[in-house]
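Note sheet for the following structure.
Nothing in this text is a laboratory measurement; each read-out follows from the coordinates by a stated rule. Being a predicted model, the structure only gives us computed values, none of them experimental. Methodologically, a virtual Cβ is constructed for each residue, glycine included, from the backbone with ideal geometry; neighbour enumeration extends over all protein chains shown.
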Ligand SMILES: Cc1ncc(COP(=O)(O)O)c(C=O)c1O
């Protein structure tokens, strides 16, 4: 190959490096203040035992094909039946990842005449689904209910004939704040539209029995809920809760569901066990609540970080390079803290995304906050 073909890529990477935006894969090391393993399930004995038991009863590692062909295993169906009952949805559909589920949903359910109104901070996977959708899309300012309402109204007044699809996260992944779900559901009702709630960071952690924040909207026919399984549930994949007719539509139209090998049946067995753990071990949620309150108090006291509504505690830095330096120093001190930079977050809002999980205790949190206060003090802007 002509090596000059690589030059544009290399110069693009050099440009990212200059702006402190180059990403590199770093090893997992130090105490976990960064993962989404909120309930500490990723390494839980019960999940490993569920996989061993599935292997013992002959469940294969690989699905061997698409769900529409031989890849549809009894484990997938058993999981979907249990998940639908757990989340009180008419139907649950299991995808290989939350990213895939969002792409499937947004690329195929909203029709050409529809409008997608999404929060400005919505996850990248929703953006990718929208890019493949035939519907128009518009972003509105973060958590601004009035703006969602206005966008739907002005589209209708301008002759919009289809339905609006309102897309939000119940708990924002990089800010840790919550969406006003009831008010947004009212907007969807008022405009004869749908509300899609991405519960990635709330499933298993919040809501009655860990069913998520969207539990307050259960059984509304126009609410679709995405529960990812790689975060608090400790496994991988995602469960989309929705009316049966929409699930059947996805099975017929979502290209990345149809033309892709089904998730491992062993992962389906593990997710089923994770849902049971969420139901049987409420003490995990209670412990997380204690830890996140403790961490938020310390961060407020030593660093002046404002209150948070969740286990995601962003420490705003602003500058990309400074965020990277502080995160590197934290890792050198044994605390796995990561810098989150644009384009994941808006320009000028680089931050350290501290996440609290059951993989830490109070002493470790106190030591981490102490180290962070020193690192920030010694690397002042
Ligand atoms: C809000 C949100 N939605 C969807 C996803 C994608 O989920 P998954 O990691 O299962 O692909 C993530 C995680 O990266 C997320 O934070």
If the chain between residue 253 and residue 177 were fully extended at 0.36 nm per residue, the gain over the current Cα-Cα distance would be 24.0 nm
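If I take every Cα pair under 8 Å that is 6 or more residues apart in the chain, average their sequence separation and divide by the length, what percent do I get for the relative contact order? Don't skip to the end; give the middle numbers.
Details: 751 pairs, mean separation 91.7, N = 381.
Here the relative contact order equals 24 percent.
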Restricted to the range 59-279, the DSSP antiparallel beta bridge percent, nearest 5, is 40 percent
With a Förster distance of 41 angstrom and the Cβ-Cβ distance between residue 131 and residue 46, calculated FRET efficiency to the nearest 0.05 equals 0.55
As a percent rounded to 5, the proportion of antiparallel DSSP bridges among beta bridges in the chain is 50 percent
Under the rule rounded for a/c under 1.5, else prolate if a/b exceeds b/c, else oblate, using alpha carbon gyration tensor axes a ≥ b ≥ c, the range 96-203 is classed as oblate
Computed, not fitted: 222 nm per-residue ellipticity of the chain from DSSP H runs ≥ 4 (each -39500 (n - 2.57)), nearest 500, equal to -13500 deg cm²/dmol
Yeah, the range 31-127 with a ≥ b ≥ c from its alpha-carbon gyration tensor (a/c under 1.5 is rounded, else prolate when a/b outruns b/c, oblate otherwise) is oblate
Across all Cα atoms of the range 59-279, Rg and the largest Cα-Cα distance (Dmax), in Å, are 16.6, 54
Taking the alpha-carbon centre of each part, the distance from the range 85-122 to the range 128-156 in Å is 15 Å
The range 278-381: relative contact order from alpha carbon pairs under 8 Å, six or more residues apart, as a whole percent, is 32 percent
With Rg from the Cα atoms and Rh as the Kirkwood inverse mean 1/r over Cα pairs, the chain has an Rg/Rh of 0.98
Note: residue 158 to residue 190 extended length (0.36 nm per residue) minus current alpha-carbon separation gives 9.8 nm
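Going highest first, how would you order 310-318, 276-284 by mean Cβ packing within 10 Å? Present the calculation step by step, with values, prior to reporting the outcome.
Working: 310-318: 20.9, 276-284: 15.2.
Packing proxy ranking, top to bottom: 310-318, 276-284.
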For the range 93-132 the translational diffusion coefficient, Stokes-Einstein from a Kirkwood Rh over Cα pairs at 25 °C and viscosity 0.890 mPa s, in µm²/s, is roughly 235 µm²/s
Mean Cβ-within-10 Å packing, highest first, puts peptides 250-258, 220-228, 148-156 in the order 220-228, 148-156, 250-258
Rounded to whole angstrom, the alpha-carbon centroid of the range 194-218 lies from that of the range 312-381 at a distance of 27 Å
Under the rule rounded for a/c under 1.5, else prolate if a/b exceeds b/c, else oblate, using alpha carbon gyration tensor axes a ≥ b ≥ c, the range 233-381 is classed as prolate
Ordering 159-169, 173-183, 59-69 by per-residue average of other C-beta atoms within 10 angstrom, highest first, gives 159-169, 173-183, 59-69
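With a Förster radius of 35 Å, plug the Cβ-Cβ distance of residue 321 and residue 361 into 1/(1 + (r/R0)^6) and report the FRET value to the nearest 0.05.
So the FRET efficiency works out to roughly 0.60.
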Per-residue Cβ contact counts at 10 Å, fewest first, order 105, 302 as 302, 105
